[in-house]
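Report on the structure given below.
The values are calculated or read from the model by the stated rules, or taken from the named source; none is laboratory data. Remember, it's a predicted structure, so these values are computed and weren't measured experimentally. Using ideal geometry, Cβ is built from the backbone for each residue, glycine included, and neighbour counts are taken over all protein chains shown.
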Amino acid sequence: MITLKGAVVSAKIKEEVTELLRELAGTIPRLAIVRVGERPDDMAYERGALKKMENFGLQAESFSYPADISDEDFQAEFKKINENPGIDGILLLRPLPKQIHERDIERMILPEKDLDGISPENIARVFAGESEGFAPCTAEAVIEVLKANDISLTGKRVAVVGRSMVVGRPLSMLLLKENATVTICHTRTKEIEKTCQNAEILIAAAGQAKMIDPSYVGADAVVIDVGINVDNDGNLCGDVDFESLNGVASMATPVPGGVGAVTTAVLAKHLVMAARKRRGSRA
Ligand code: NAD
């Protein structure tokens, strides 16, 4: 089984970003990472994103607020970031605490600064199969992993496990745009193992540690693991029992070191694209 490493894909995206940066003639795009509270997974993602932006030669700044900030105060703070002309793109770490109306923020964020595809405009574009706008970074990262490894999607049977608006659903739409034949599986799917076994490409985005074992995987299938979980021993792991797929799958992404590393590279690419668009429209 071949291990599909995220770092290789991230390096390819870095080349694209460097090229796009050259066209910006010295101006460095700036990302705002917005975090409420101090959830360990948010903090880990923030650290990873900050490191990636630095590595790609981009600027990033964290805007953090206490977990008990009121809805009104957070909206006022978010508005300032949204309207700040020095900020090219925004990454909002979610889910937000209960007292904040996430829907209002999704409607407020300017689509051109919405690098992670949470605004209704950007989501609609993804579901309409349009190329304009920004898709959620993780969903796009899966497509980048497949493309960078020359795994064609046209006509392929692809099963996606998970139907969330963060990963499963938008990813299924991006796969459809690439002419794959997509089956979306979820908690109510009957005979899920059989459905997954029939797939040439299996994508796990269920958030269930090591759920995908050989009983879900067809011979020589490509397996992409989006999951980020903690196992019983406290170690980071994916939705896929990676070692168990040896001799079954043809290729698989590891966790850590797979899709996660590509997600922040896609975020960087979106940031430069946003900056280019904003500067172009001002010229
Ligand atoms: P979620 O909990 O919102 O959604 C999980 C989906 O999986 C649901 O639609 C549910 O129906 C389905 N599901 C859950 N258990 C299942 C089961 N036993 N059988 C079949 N379907 C099942 O989670 P999410 O936000 O979509 O994230 C999914 C995973 O991806 C998580 O582990 C998350 O940490 C990870 N994630 C990774 C990245 C990254 O950059 N790699 C980014 C976002 C999320």
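Brief remarks on what is shown
- For segment 86-138, a tally of residues being surrounded by 18 or more Cβ atoms within 10 Å (Cβ to Cβ), more than 15 Å from the ligand (Cβ to nearest atom) and of a type in the set (Ser, Thr, Tyr) returns 1.
- Every condition in (1) at negative phi; (2) away from the ligand (no atom under 11 Å from the Cβ); (3) touching a Pro at 6+ places or on another chain (Cβ under 9 Å) is met by Ala180 except one, and the failing one is (3).
- Residue check, Met273 surrounded by fewer than 24 Cβ atoms within 10 Å (Cβ to Cβ) and within 30 Å of Gly86 (Cα to Cα): yes
- Against the list (1) farther than 15 Å from Leu4 by Cβ; (2) touching a residue at least 24 places away in the same chain (Cβ under 8 Å); (3) within 14 Å of the ligand (Cβ to nearest atom), the condition Ala141 fails is (1).
- Of all residues in segment 173-209, those being among the hydroxyl-bearing types (Ser, Thr, Tyr), closer than 22 Å to Ser152 by Cβ and within 24 Å of the chain's Cα centre (by Cα) number 2.
- Figure legend. Inter-residue proximity from segment 235-248: first residues surrounded by 11 or more Cβ atoms within 10 Å (Cβ to Cβ), second residues assigned to a helix (DSSP H, G or I), beta-carbon distance below 7 Å, spacing 6+ or different chains. Indicated pairs: Ser244/Pro214; Leu245/Pro214; Val248/Pro214.
- Selection status of Thr189, at pLDDT 95 or above and near the ligand (Cβ under 9 Å from one of its atoms): yes
- Conditions (1) more than 11 Å from the ligand (Cβ to nearest atom); (2) assigned to a loop (DSSP other than H, G, I, E, B); (3) small (Gly, Ala, Ser); number of the one not met by Ser215: (2)
- In the set Thr195, Thr263, only one residue is within 9 Å of the ligand (Cβ to nearest atom), touching a residue at least 24 places away in the same chain (Cβ under 8 Å) and part of a helix (DSSP H, G or I); that residue is Thr263.
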